[in-house]
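Peer 1: Could you have a look at this structure, given as structure tokens, before my questions?
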Amino acid sequence: MTIASVKFSALLYGMLLAIRLQALRYPHFRKHLKEKSFTCQIRTFDGSAGRSFTFRDGIVSSRSGVDSAAQVCISVASAELGTRLFVPWVDQLDRIEAMKNFDFKADGPDEFIVWFTQTMMMIRSVGWESGTKMRDGTTRYVTNTNGGPLFVYVKDGKVVRLTPLEFDETDAEPWTIHARGKSFTPPRQTTAATHSLCGKTTLYSPDRLLYPMKRVDFDPKGARNQKNRGISGYERISWDEALAIVSGEIKRCKTQYGQGAIMANHGSHHNWGNIGYYISSAYKFFNAIGTTRVVHNPDSWEGWYWGAMHHFGYSMRLGQTETYSTVEDLMKEAEMVVFWAADPEATSGSYSAFEGTIRRMWLHELGIEVVHIDPYLNHTAALHGGKWFAPKPGTDTAMAMAIAHVWITEGLYDKKFVAERSLGFEVWRDYILGKEDGVPKTPEWQEAETGIPAKDVRVLARRWGTKKTYLGAGGWGNGHGGACRSATGIQWARSLACLLAMQGMGRPGVNYGHLQWGTPVDLHFYFPGYADGGMSGDIENTGMPISLYQRMPQLPTFNPSTQKVPRLQIPEAILEGKAEGYPWNGKTIESQFQKFSYPAPGHSPIRMLYKYGGASIGTMTQTNRYVHAYRTEKLDFVVSQSIWFEGETKFADVILPACTQFERWDISEFGGTGGYALHGQTQMNHRVVLMQHKCIEPLGESKSDFQIFEALASRLGLGAYFSEGMSEIDWVKRLFDSSDLPKHISWKEFLKKGYFVVPPLPEDRRDPVSLRWFYEGRKKDVPEPHPLPGDYGEEFMKGLQTQSGKFEFECSSLKRFDPDDPERPPIVKYLRSWEGPGTELYGRFPLQLVSPHSRFSYHTLSDGKDSSINDIKEHRVLVNGHYYWVLRMNGQDAAERGIKQHDLVKIHNDRGAVVCAAHLTQRLPRGVVHAYESSACYEPLGEPGYSVDRGGCINQLTSKRSIAKKVTGTAANSCLVQVVLWDGSTRLEGAAGESSSATTAARTAARTEADKHPAMAK
Amino acid sequence: MKKWNLVIDVAKCFGCNACAVACHDEYYDNDFPGYSASMSKHGQRWIDILQREKGQVPMVEVAYLPVTCNHCDDAPCVKAAKDGAITKRSDGIVIIDPVKAKGQRQLVGACPYGAIYWNEEQQLPQAWPFDAHLLDQGWTRTRASQVCPTQAIRTVHAEDEDMRKMIAEEKLEVLHPEYKTQPRVYYKNLDRYFKAFVGGSVAGVIDGVTECVEGARVRLHRGERMIGETRSDAYGDFKFQSLEENSGAYRVEIADPRFATKAVEVKLGQSTYLGTISMSGASAAAVRH
């Protein structure tokens, strides 16, 4: 016997002792051991060393040597390798290498393999302690949400309260900014979004899915009754049955139809975490089974991605510029901030709770002038005051061009910068002056388009041209949301980019931002964002290859299907069998030109939909299409893996109940997105890395997404591949180890306390200000690893990503792609919206609808579900026992229609109709109405897809048309509607209400079912 | 001894509802014996936020007013309660005993502020108990203060004398002082919610082009008396704040050396935006030249 054999044998014997010891110490572990009865053999390939472990009714027996009768056999190439792999401190790279080299194998049923390996891992984790005991008998755990981290106080297995984090004396002190003789330090706590503070009511919502369910008239072996999706009720089934149906359908679709038959579609953001979130375990599972990929459009970046990027690059940020240290620069240098289609007080930078709010309160103390340009007097304008401009939706570009006209004619721009750092200015200048088309883009010219008096635009232009001004565009300040999601979104983002270039972007006090991004936190501390891929192994579609893959080696995953469907055309792909689009791919500027088509050559049409989360009807465009797509026989099978019984979930054949993040383990950072939003932590006042404790046991029979995927994977022989033999907490520990956390805090302490505050850098080591390097003609000096080295024109780190390395008023990339595209010419030109005043629809639908991201919910998260958010009258209004979505309209527009406050109104066009409660306001000019998108509820009053909705899915009204022909983007903010008092009618007018299969019976059934509750299906 | 007070800055409230939702989180489905029984799931906002808009497009202001139990030192509810169901603690907090108050519906009407809600399921009058159960365990501020993003809601633990100083220094007010109940919830910038403004935009033709008139002297007159003076800003905008609503006739007089002085009469109901006021003609001074 070799020394290695002796060591390996001893190690295996040690494992036995460890199992027995932990079973003695922990009742929980004893209980776990009773779950399975089987024998597992661990051995070397040659059988020279080995041991078998037999589990029988919780008793573990073991024998040295080879047991050929064992159901599971885990084998290693040599005893020497075994001694390295079977220790708790195993090197993950060693493990992965051994697996990839076929030196480490597992044979037998997945169910047993995964259970065995997870049990071995549990020897280590079973004794881990988490949470802090409080004086009142509660235990304080920690979690992280879309709207900030939370302390979770739990007593007797029930969540008592949720609060933001208050730091203790051991946590790092925050940064201080000294500006204009004053000092500013953020409070030593985190903030929490309102949609997170209501989390207890969504956790314990009556709409929680607590059991697997099957549509009553769906029979996988018989009649599927696809047309009854959304109409029929559900019955409770066992997990075993549910998993059997779903795994059976996966196998059937693949063998019967071939690659591409299964489409996987995840919603966005109903969850948080680096392990259990969608860009992690979901991606791994979907890659592992092979799926038609749903390609998301750059939904919040549209105009910047398809437009502004061509002027300055930043493809890896999807067309939004770097944001380093802009908070300090703004506070020290800027004299004015222009908020353009920017409402950070409502949208909170997506994931950053109210972190930026306190910083914008400092604007008042610093005496910095603010201006707001938005058709709605938004919450940022309402809180901070300043001049409000309300251009007609979709006309902002005209206003921007008039500003440029004033600057050009009055010489109010940075001529040196334009001469040295830009290209093609003369071409654009001539267009602005009217030399190209005979129309000078004067303030008077824009008045006819925007409705803003020329005199006001002249004043704004002169002030902007003479004061150091930050342009706060969109919710992030460097773009995101708002006007970029409209038919004129590309022009708008492009024209804003040109304005800032004229003022010398990067000059002290001149940059993108409104204090939302750019705090002086320490970005050199490594902790991956969720978009860095977690445990997905996906090195193609996540940020993983940059840093995480090296730090957390794992089995790579690749999707064998190359078939793709643009998310906005899922209905056409399913119903018409055809779709095409342009991709969301930030690798280079040119990536967006690579048109793709569905079906992909040689691939199967989609026959099965795996829906993970459910938000399509509330968040996509013209969404009755999605309802139609669900109710077709072209889709054999729909499975929905959801936490709640929401609008879209009700169209599934089988529902798999997932739990919330309060009920599972995970790890993440506050606002830590990574990927295309690299260093998004600069939205926060403090970098806070969070343990996401499993605060309570999953409700009912719900399971974590990871566990659901693992269970399905096991039935497909993919269990070990999916989990790598680990459970969630082991993956959490693995991610902890891969980060810089262990340099600062022990696992034990982190697990107990639940968070770590990353100390900010000393004041003299803060990162340089964004674009200052470019303004001053130096090499790039901010900590941003973009663009790709090969994407620099002259010299690495010198210049922008554009062909010339300069800011291009005339875009080389667009010239190369299609210089004659009228919608996207090489210089930005003004083109009226294809849906707006002056278009054909305007006669019948004379109101312009804007539908921004909602203030009190996050996408569909926290809306509906009987959450406490519903009692906020700005969110929903209770009328006759029903919580209606809110439609805002100008008081005079309402009066002309006989509409009074909180009257029920029907907002409609040819695409759909939604009943809302009217809120009369002076925050909107005449002719514009405002309702948030993202309702979680879809409640058709008749046949689904062909009737009036009272759930509030405003996106039934928005157009499916892409912003422009050669891009794939949502133009949801270009939407014409009419609003009338609701007369109780339930049918859609005209063609939209005509269903080929519409029957009175179906409608009646739908109405009856709408009143039923999922819990009734027990 | 130190007592608890709440100080709310109306100018800093933007209606995010974090306080109201945190209040719901604390009291719905939680019982704190001796302090409170579970609040109803819906319709009871022990901390509520009132909202109003002032002015007309494009000169509009939005004001929010968080309202809750005022924890009055001379609380009518304490007097109206039978069996000592409502008590005033020595630290200033008013507690409705969730057991003794059962069935005492009259207490809802006893509060002139309407801060007491009737819980139908529990047959119980309820109001926000100042998070007393948390403060008694060492919390230093209420949940509303903890979650307020703008620090508009401050929890102040102070001697009454120090509180009086703060009231004077920060010009704090209470809601409806005429009720004479001595609330412990104080407000800053209350005018922002209750008072009205008159504003307008001054424009005139300068060098043949219609421009905003900056720096015009704008005076507000009430009868014979001038009660305010300001200058128009770069956009020609001016605004007089803190006027009583429905306070009758005012005259706005606009003077700029480039134009003839102009006066606009306004009968003030709610806040009023006078629109664009176009200046014309040469001023008397200019004519003399």
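The values are calculated or read from the model by the stated rules, or taken from the named source; none is laboratory data. Everything quoted here is computed from the prediction, not taken from an experiment. Methodologically, a virtual Cβ is constructed for each residue, glycine included, from the backbone with ideal geometry; neighbour enumeration extends over all protein chains shown.
Peer 1: Which members of segment A:53-67 meet the condition of being assigned to a loop (DSSP other than H, G, I, E, B) and touching a strand residue (DSSP E or B) at 6+ places or on another chain (Cβ under 8 Å)?
Peer 2: Listed by number, the residues that qualify are A:GLY65, A:VAL66, A:ASP67.
Peer 1: Report yes if some residue within segment A:696-703 is of a type outside the set (Phe, Trp, Tyr), outside any loop (DSSP other than H, G, I, E, B) and at pLDDT 95 or above; otherwise report no.
Peer 2: yes
Peer 1: Could I ask something else about it? From A:ILE358, A:ILE408, grab the single residue that is more than 26 Å from A:VAL977 (Cβ to Cβ), of a type in the set (A, V, I, L, M), within 13 Å of chain B (Cβ to nearest Cβ) and surrounded by fewer than 24 Cβ atoms within 10 Å (Cβ to Cβ).
Peer 2: A:ILE358
Peer 1: Still on this structure, I have one more. Give B:ARG154, B:ARG164 a once-over and let me know the one that is within 14 Å of chain A (Cβ to nearest Cβ) and of a type in the set (Lys, Arg).
Peer 2: B:ARG154
Peer 1: Kindly indicate whether B:ALA234 is within 12 Å of chain A (Cβ to nearest Cβ), hydrophobic (A, V, I, L, M, F, W, C), on the phi < 0 side of the Ramachandran plot and in contact with a strand residue (DSSP E or B) (Cβ under 8 Å, 6 or more places away or on another chain).
Peer 2: Considered against the rule, which asks whether it is within 12 Å of chain A (Cβ to nearest Cβ), hydrophobic (A, V, I, L, M, F, W, C), on the phi < 0 side of the Ramachandran plot and in contact with a strand residue (DSSP E or B) (Cβ under 8 Å, 6 or more places away or on another chain), B:ALA234 comes out as yes.
Peer 1: Does segment A:851-863 include one or more residues that are buried (at least 20 other Cβ atoms within 10 Å of the Cβ), modelled with pLDDT of 95 or more and out of contact with any His (no Cβ under 8 Å at 6 or more places or on another chain)?
Peer 2: For segment A:851-863, residues buried (at least 20 other Cβ atoms within 10 Å of the Cβ), modelled with pLDDT of 95 or more and out of contact with any His (no Cβ under 8 Å at 6 or more places or on another chain): absent.
Peer 1: Restricting the search to segment A:292-324, which residues are hydroxyl-bearing (Ser, Thr, Tyr) and either assigned to a helix (DSSP H, G or I) or over 17 Å from A:GLY513 (Cβ atoms) (or both)? Give the steps one after another, and end with the answer.
Peer 2: From segment A:292-324, those hydroxyl-bearing (Ser, Thr, Tyr) are A:292, A:300, A:305, A:314-315, A:321, A:323-324; that's our starting set.
Once the filter is applied, which keeps residues that are hydroxyl-bearing (Ser, Thr, Tyr) and either assigned to a helix (DSSP H, G or I) or over 17 Å from A:GLY513 (Cβ atoms) (or both), segment A:292-324 yields A:THR292, A:TYR305, A:SER315.
Peer 1: Looking only at segment A:539-560, count every residue that is out of contact with any Lys or Arg (no Cβ under 7 Å at 6 or more places or on another chain) and closer than 18 Å to A:PHE285 by Cβ and tell me the total.
Peer 2: Final tally of qualifying residues: 10.
Peer 1: Here is a follow-up. Cβ-Cβ below 7 Å, separation at least six or inter-chain, first residue in segment A:382-393 and free of Cβ contacts under 8 Å to residues at least 60 places away in the same chain, second in a loop (DSSP other than H, G, I, E, B): which pairs?
Peer 2: Pairs found: A:LEU383/B:PHE14; A:TRP388/A:LEU377; A:TRP388/B:PRO58.
Peer 1: Another question, then. Yes or no: A:ARG462 farther than 30 Å from B:VAL205 by Cβ, at pLDDT 95 or above and of a type in the set (D, E, K, R)?
Peer 2: On the way: farther than 30 Å from B:VAL205 by Cβ: no; at pLDDT 95 or above: yes; of a type in the set (D, E, K, R): yes.
For A:ARG462, the condition - farther than 30 Å from B:VAL205 by Cβ, at pLDDT 95 or above and of a type in the set (D, E, K, R) - is not met.
Peer 1: Can you tell me which residue within segment A:573-597, out of those that are among the small types (Gly, Ala, Ser) and either assigned to a helix (DSSP H, G or I) or in contact with a strand residue (DSSP E or B) (Cβ under 6 Å, 6 or more places away or on another chain) (or both), is farthest from A:ALA308 (Cα to Cα)?
Peer 2: A:ALA573
Peer 1: When you check A:ILE490 against the structure, is it within 11 Å of another protein chain (Cβ to nearest Cβ) and β-branched (Val, Ile, Thr), yes or no?
Peer 2: Answer is no for this residue.
Peer 1: So, one more: Please specify each residue of segment A:384-411 satisfying the condition of being over 28 Å from A:ALA971 (Cα atoms) and within 30 Å of the chain's Cα centre (by Cα).
Peer 2: Within segment A:384-411, just A:HIS384 meets the criteria.
Peer 1: Just to be sure, is A:GLY898 more than 28 Å from the chain's Cα centre (by Cα) and not in a strand (DSSP E or B)?
Peer 2: In short, yes.
Peer 1: I'd like to know if segment A:181-191 contains one or more residues that are within 14 Å of chain B (Cβ to nearest Cβ) and in a strand (DSSP E or B). Break it down stepwise before answering.
Peer 2: First pass over segment A:181-191, keeping only residues within 14 Å of chain B (Cβ to nearest Cβ): A:184-191.
Narrowing further to those that are in a strand (DSSP E or B): A:184, A:189.
Within segment A:181-191, one or more residues are within 14 Å of chain B (Cβ to nearest Cβ) and in a strand (DSSP E or B).
Peer 1: So if I check each of A:VAL114, A:VAL60, A:VAL87, which one is in contact (Cβ under 8 Å) with a residue 60 or more places away in the chain, among the aliphatic types (A, V, I, L, M) and in contact with a Phe, Trp or Tyr (Cβ under 9 Å, 6 or more places away or on another chain)?
Peer 2: A:VAL114
Peer 1: To continue, here is another question. Pick from segment B:123-145 the residues that are more than 12 Å from every other protein chain (Cβ to nearest Cβ) and of a type outside the set (A, V, I, L, M): which of them is surrounded by the fewest Cβ atoms within 10 Å (Cβ to Cβ)?
Peer 2: B:GLN123
Peer 1: Next up: Return yes or no: is A:GLY465 among the small types (Gly, Ala, Ser), more than 25 Å from the chain's Cα centre (by Cα), in a loop (DSSP other than H, G, I, E, B) and surrounded by fewer than 24 Cβ atoms within 10 Å (Cβ to Cβ)?
Peer 2: So A:GLY465 does not fit the description; no.
Peer 1: Take A:LEU363 and tell me if it is facing chain B (nearest Cβ under 10 Å) and under 27 Å from B:GLY200 (Cα atoms).
Peer 2: no
Peer 1: Follow-up question, since we're still on this one. Any residue at all in segment B:125-137 that's more than 25 Å from the chain's Cα centre (by Cα), over 25 Å from B:GLY43 (Cβ atoms) and part of a loop (DSSP other than H, G, I, E, B)? Before the answer, list the steps.
Peer 2: We begin by selecting, within segment B:125-137, every residue more than 25 Å from the chain's Cα centre (by Cα); these are B:125, B:133-137.
From what's left, over 25 Å from B:GLY43 (Cβ atoms): B:135-137.
From what is left, the residues that are part of a loop (DSSP other than H, G, I, E, B) are B:136-137.
Yes, because at least one residue in segment B:125-137 is more than 25 Å from the chain's Cα centre (by Cα), over 25 Å from B:GLY43 (Cβ atoms) and part of a loop (DSSP other than H, G, I, E, B).
Peer 1: Considering only residues that are hydrophobic (A, V, I, L, M, F, W, C) and surrounded by fewer than 21 Cβ atoms within 10 Å (Cβ to Cβ), look in segment A:887-908 and name the one that is farthest from the other protein chains (Cβ to nearest Cβ).
Peer 2: A:LEU904
Peer 1: With a cut-off of at least 1 residues that are away from every other protein chain (no Cβ under 14 Å), name the strands (runs of 3 or more DSSP E) lying wholly within segment A:90-179.
Peer 2: The qualifying strands (runs of 3 or more DSSP E) are A:104-107, A:139-145, A:177-179.
Peer 1: Check segment A:855-876 and report whether any residue there is assigned to a strand (DSSP E or B), within 14 Å of another protein chain (Cβ to nearest Cβ) and of a type in the set (Phe, Trp, Tyr).
Peer 2: Yes.
Peer 1: Condition first: of a type in the set (A, V, I, L, M), surrounded by fewer than 24 Cβ atoms within 10 Å (Cβ to Cβ) and at negative phi. Can you find one or more residues in segment A:951-960 that meet it?
Peer 2: Within segment A:951-960, not a single residue is of a type in the set (A, V, I, L, M), surrounded by fewer than 24 Cβ atoms within 10 Å (Cβ to Cβ) and at negative phi.
Peer 1: Could you list, in sequence order, all residues of segment A:443-466 that are among the small types (Gly, Ala, Ser), over 23 Å from A:GLU835 (Cα atoms) and either out of contact with any His (no Cβ under 9 Å at 6 or more places or on another chain) or facing chain B (nearest Cβ under 9 Å) (or both)?
Peer 2: Of segment A:443-466, the ones among the small types (Gly, Ala, Ser) are A:448, A:451, A:454, A:461, A:465.
Now restrict to residues that are over 23 Å from A:GLU835 (Cα atoms): A:454, A:461, A:465.
Those that are among the small types (Gly, Ala, Ser), over 23 Å from A:GLU835 (Cα atoms) and either out of contact with any His (no Cβ under 9 Å at 6 or more places or on another chain) or facing chain B (nearest Cβ under 9 Å) (or both): A:ALA454, A:GLY465.
Peer 1: For segment B:192-289, which fully contained strands (runs of 3 or more DSSP E) count at least 1 residues that are closer than 30 Å to B:HIS176 by Cα and free of Cβ contacts under 8 Å to residues at least 60 places away in the same chain? If you could, list the steps in order and put the result at the bottom.
Peer 2: Values: elements: B:196-206, B:209-212, B:217-222, B:225-231, B:237-243, B:248-255, B:262-268, B:272-279.
Filter on segment B:192-289 gives B:217-222, B:225-231, B:237-243, B:248-255, B:262-268.
Peer 1: So how many residues does segment A:260-291 have that are under 17 Å from the mean Cα position of the chain (by Cα), of a type in the set (A, V, I, L, M) and in a loop (DSSP other than H, G, I, E, B)?
Peer 2: 1
Peer 1: Further question on the same structure: Which residue is surrounded by the most Cβ atoms within 10 Å (Cβ to Cβ), if the candidates are limited to segment B:146-170 and must be free of Cβ contacts under 8 Å to residues at least 40 places away in the same chain and not basic (Lys, Arg)?
Peer 2: Residue satisfying both the conditions and the ranking: B:ILE167.
Peer 1: Identify, by number, the condition in (1) farther than 21 Å from A:ARG252 by Cβ; (2) not in a loop (DSSP other than H, G, I, E, B) that A:PRO206 doesn't meet.
Peer 2: (2)
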